[in-house]
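To keep things clear, I will list the structure first and then write my remarks on it.
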Amino acid sequence: MVRTRVLVVDDHRIFAESLAAALAAEPDVDVAAAGSGPAALRCLERAAGEGRRYDVLLVDADLGGRLPGVRPAVPVQEGDEEGLVDGISLVAGVRTAQPAVRIVVLAEKDDPRRAALALQAGASGWVAKDCSLSRLLTVIRGVLRDETHLPPALLTGVLKELTAARKHRTESEQLVESLTPREREVLRCMVAGLGRKAVAERLFLSPHTVRTHMQNVLGKLGVHSTLAAVALARRAGVGPADLGSAGRIVPEETNSA
């Protein structure tokens, strides 16, 4: 019998352990529970190292976390319990680190916007926490067949959110395309969280020149703060500058120059 390995991630311990126990009663399911994002990431990494990867992650949409600014959470270093990871950001981190893992988000209430964000992050399903065990098992087995599962009541709202997100992304991409190659380099540094002085050092420019570039970037993007520029850049798919091992900026691919 092929067994499905499931990891439940929820910071409400009683719920996590109760759900894990219910799933463990199924003859074809192996299940474990984790109480935080970092704990889940360690479980996934350890299981992968032992050659017994998890198949499905069940993640609490309201998983507790303190995230700096607007930057998405990333896998946290071993033992760093202060760098807590919220549910949807955990989805993105896991999909990047272990793309074969299928992820289902468990939610207290239906929320089209957050459900759309979860799908964009890489989730395959959004399920109410109060659904029946049989429904949850149906979703688990469905996502393993590459199906996407959403409550029918959420479909229209999620489609509207995804359509709007695509429109915003297209508009953002067009604005980013108006930047010069040097301004794009500066923008990537801003996405990486570098300040003016650090950008100047890494691009071998004067702080005054960097300030001018940053002002030009904000003007062309039609925003008034670095935070807004970074948010727009992320919508357009602009990633952070790769500082490389020597701390120097690694150029983008030629098609973005």
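A few remarks follow.
- Selection within segment 184-204 - open to solvent by less than 10 Å² (accessible area, probe 1.4 Å) and either without any contact (Cβ under 8 Å) to a residue 40 or more places away in the chain or polar (S, T, N, Q) (or both): Val186, Val199, Ala200
- Selected residue [outside any helix (DSSP H, G or I) and on the phi < 0 side of the Ramachandran plot] from Leu179, Leu162: Leu179
- Selection of segment 146-158 for residues being surrounded by 14 or more Cβ atoms within 10 Å (Cβ to Cβ), of a type in the set (A, V, I, L, M, F, W, C) and not in a loop (DSSP other than H, G, I, E, B) yields Leu154, Val158.
- Condition broken by Ser178, with the remaining ones in (1) open to solvent by less than 30 Å² (accessible area, probe 1.4 Å); (2) closer than 30 Å to Leu203 by Cα satisfied: (1)
- Condition check for Pro38 on (1) open to solvent by less than 60 Å² (accessible area, probe 1.4 Å); (2) in contact with a strand residue (DSSP E or B) (Cβ under 9 Å, 6 or more places away or on another chain): one failure, at (2).
- Leu162 passes every criterion in (1) under 23 Å from the mean Cα position of the chain (by Cα); (2) modelled with pLDDT of 90 or more apart from (2).
Table: residues versus (1) over 18 Å from Ile88 (Cα atoms); (2) in contact with a His (Cβ under 6 Å, 6 or more places away or on another chain); (3) surrounded by 15 or more Cβ atoms within 10 Å (Cβ to Cβ); (4) in contact (Cβ under 8 Å) with a residue 24 or more places away in the chain.
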position: Arg113; (1), (2), (3), (4): no, no, no, yes
position: Ala121; (1), (2), (3), (4): no, no, yes, yes
position: Val127; (1), (2), (3), (4): no, no, yes, yes
position: Gly142; (1), (2), (3), (4): yes, yes, yes, no
position: Lys160; (1), (2), (3), (4): yes, no, no, yes
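- Matching residues in segment 7-34 - criterion: being among the β-branched types (Val, Ile, Thr) and either outside any strand (DSSP E or B) or closer than 17 Å to Ser132 by Cα (or both): Val8, Ile14, Val29
- For segment 7-23, a residue qualifies if it is touching a residue at least 12 places away in the same chain (Cβ under 8 Å) and hydrophobic (A, V, I, L, M, F, W, C), and the qualifying residues are Leu7, Val8, Val9, Phe15, Ala16, Leu19, Ala20, Ala22, Leu23.
- Single residue of segment 233-254 satisfying the filter (closer than 19 Å to Ala164 by Cα and modelled with pLDDT under 85) that is most open to solvent (accessible area, probe 1.4 Å): Arg235
- Within the option set Ala128, Ala116, being within 20 Å of the chain's Cα centre (by Cα) and hydrophobic (A, V, I, L, M, F, W, C) holds for one residue only, Ala116.
- Any hit, segment 205-214, residues being of a type outside the set (Val, Ile, Thr), open to solvent by less than 60 Å² (accessible area, probe 1.4 Å) and under 23 Å from Glu161 (Cα atoms): no
The values are calculated or read from the model by the stated rules, or taken from the named source; none is laboratory data. What you are looking at is a predicted structure, and each value in this text was computed from that prediction instead of being measured. Don't worry about glycine lacking a Cβ; one is built from the backbone with ideal geometry, like all the others, and counts go over all protein chains shown. Accessible surface areas use protein heavy atoms only, side chains included; no ligands, DNA or RNA. Shrake-Rupley method; radii C 1.70, N 1.55, O 1.52, S 1.80 Å.
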